[in-house]
Amino acid sequence: MEQTHIGFPPLTMAVFVGLALAALLLDMATHRDNKPISLKDAVVWSIFWVAISLGFAGFLYIQHGAQVASLFLTGYTLEKVLSVDNLFVFIAIFAWFKMPDGLRHRVLYWGILGAIVFRAIFVAIGTGLLTFGPWVEIVFGLIVAWTGVMMLRGGGDDDEQEDYSQHLAYRFAKKLFPVWPKLLGGHFFVARQQLEREARKPENQGISLAAKGALFATPLFLCLVVIEVSDVLFAFDSVPAVIAVSREPLIVYSAMLFAILGLRTLYFVLEALKRYLVHLEKAVVVLLFFIAAKLALNATDQLFHHGYSIDANTSLVVVLVVLAAGIVASLLFPEKEEAEGEASER
């Protein structure tokens, strides 16, 4: 783990906050409608978000040197790659809720805003815990390694559809609010007065309103809650992994924030390309074990002074090479089911 101490220089903080706020405002202004995003638009926006992140990396290079820029890029790339598996979970959640494409964008928007807030909390807690000594890094390493083990064990269950009605977040949300079982546009909540009119429509015969409650949640809200809690659970794995790169809060949080800002459009790219990226999850597992080893080396070096460590440039190269290997392997060695399906289409 690289121990840089750039602190919070006013200019760096101003550029970081300015870029982040400008990006959020731009995203809000350009994606207000509940309309599906085409693959072409998703790719263009994904490239735009990467360009913004590279621009900030260039600024760090000029202001703080190559090491800080390399640490940022490593953390950014790592968070982006680890987020792929989380986005695949989102795809499964949306499929279970039968969420229309146009409304998925709305759920992801609010979900990512929540992710930005929770990442800030987790980064503050995580980097603060490191002051208690190298044993904390060992715990972080075990968490990351356990995530890799669980992904390996669950790798063959892709065809099984999880019942999200049993999800803790789903059941908790239903206890907080009465639920109207149908989507009503892009509304997360609907007033009782409106639902009384909806219940009288012929297509809603058989649907009765709960006896109590002035405000009813819709399936859109239930979906958002499940997405948000799933992302929070994912943060328990991803935050220690990115903290393994650097314990400097500004580097860690900026890397995660810029990676998160592009996740909404990346989702639609992955949804379209999921059937082709069959070995990308294996690359994520390899990276998790690499990060666990990096944390273990750093912790044991502090304890036993063996002198072995993995520097920032090496970490960046490993992350990029493993990611590229996962993509190339997916193109060269597609799964049998997919290959047979393409052959039958011909």
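The values are calculated or read from the model by the stated rules, or taken from the named source; none is laboratory data. Values in this document were obtained by computation on a predicted structure and should not be read as measured data. Using ideal geometry, Cβ is built from the backbone for each residue, glycine included, and neighbour counts are taken over all protein chains shown.
Observations
- In the set Leu277, Leu297, only one residue is out of contact with any strand residue (DSSP E or B) (no Cβ under 6 Å at 6 or more places or on another chain) and outside any loop (DSSP other than H, G, I, E, B); that residue is Leu297.
- Beta carbons closer than 6 Å, at least 6 apart along the sequence or on distinct chains, never pair a first residue in the range 306-330 that is closer than 15 Å to Ala69 by Cα with a second that is of a type in the set (Asp, Glu) and at pLDDT 90 or above.
- Per this entry, Asp231 is counted among residues that are in contact with a helix residue (DSSP H, G or I) (Cβ under 8 Å, 6 or more places away or on another chain), acidic (Asp, Glu) and either without any contact (Cβ under 8 Å) to a residue 60 or more places away in the chain or crowded, with 17+ Cβ neighbours inside 10 Å (or both).
- Candidate set from the range 199-215 (those that are out of contact with any Lys or Arg (no Cβ under 8 Å at 6 or more places or on another chain) and either farther than 27 Å from Val107 by Cα or not small (Gly, Ala, Ser) (or both)); member that is modelled with the lowest pLDDT: Ala211
For every residue, the table says whether it meets (1) modelled with pLDDT of 85 or more; (2) under 22 Å from the mean Cα position of the chain (by Cα); (3) not hydrophobic (A, V, I, L, M, F, W, C).
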residue	(1), (2), (3)
Val286	yes, yes, no
Leu297	yes, no, no
Thr300	yes, no, yes
Phe304	no, no, no
Asp311	no, no, yes
Leu316	no, yes, no
Leu323	yes, yes, no
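- Residues of the range 100-118 that are closer than 18 Å to Leu25 by Cβ and of a type in the set (A, V, I, L, M): Leu108, Ile112, Leu113, Ala115, Ile116, Val117.
- When the range 209-224 is filtered for residues that are within 37 Å of the chain's Cα centre (by Cα) and either exposed (fewer than 14 other Cβ atoms within 10 Å of the Cβ) or closer than 13 Å to Pro178 by Cα (or both), the ones remaining, listed by number, are Leu209, Ala210, Lys212, Gly213, Ala214, Leu215, Phe216, Ala217, Thr218, Pro219, Phe221, Leu222.
- In the set (1) at pLDDT 85 or above; (2) within 21 Å of Phe88 (Cβ to Cβ); (3) not charged (D, E, K, R), the condition left unmet by Tyr164 is number (1).
- Residue list for the range 157-208, filter: touching a Pro at 6+ places or on another chain (Cβ under 9 Å), assigned to a loop (DSSP other than H, G, I, E, B) and surrounded by 12 or more Cβ atoms within 10 Å (Cβ to Cβ): Trp180, Lys182, Leu183, Ile207
- Residues of the range 53-107 that turn out to be over 20 Å from the mean Cα position of the chain (by Cα) and within 30 Å of Pro219 (Cα to Cα), as a count: 2
- Qualifying residue in the range 305-320 (condition: assigned to a helix (DSSP H, G or I), in contact with a Phe, Trp or Tyr (Cβ under 9 Å, 6 or more places away or on another chain) and not aliphatic (A, V, I, L, M)): yes
- Residue check for Thr131: out of contact with any helix residue (DSSP H, G or I) (no Cβ under 9 Å at 6 or more places or on another chain) and closer than 19 Å to Val245 by Cβ: yes
- Any hit, the range 148-155, residues being at pLDDT below 85, of a type in the set (Lys, Arg) and not in a loop (DSSP other than H, G, I, E, B): yes
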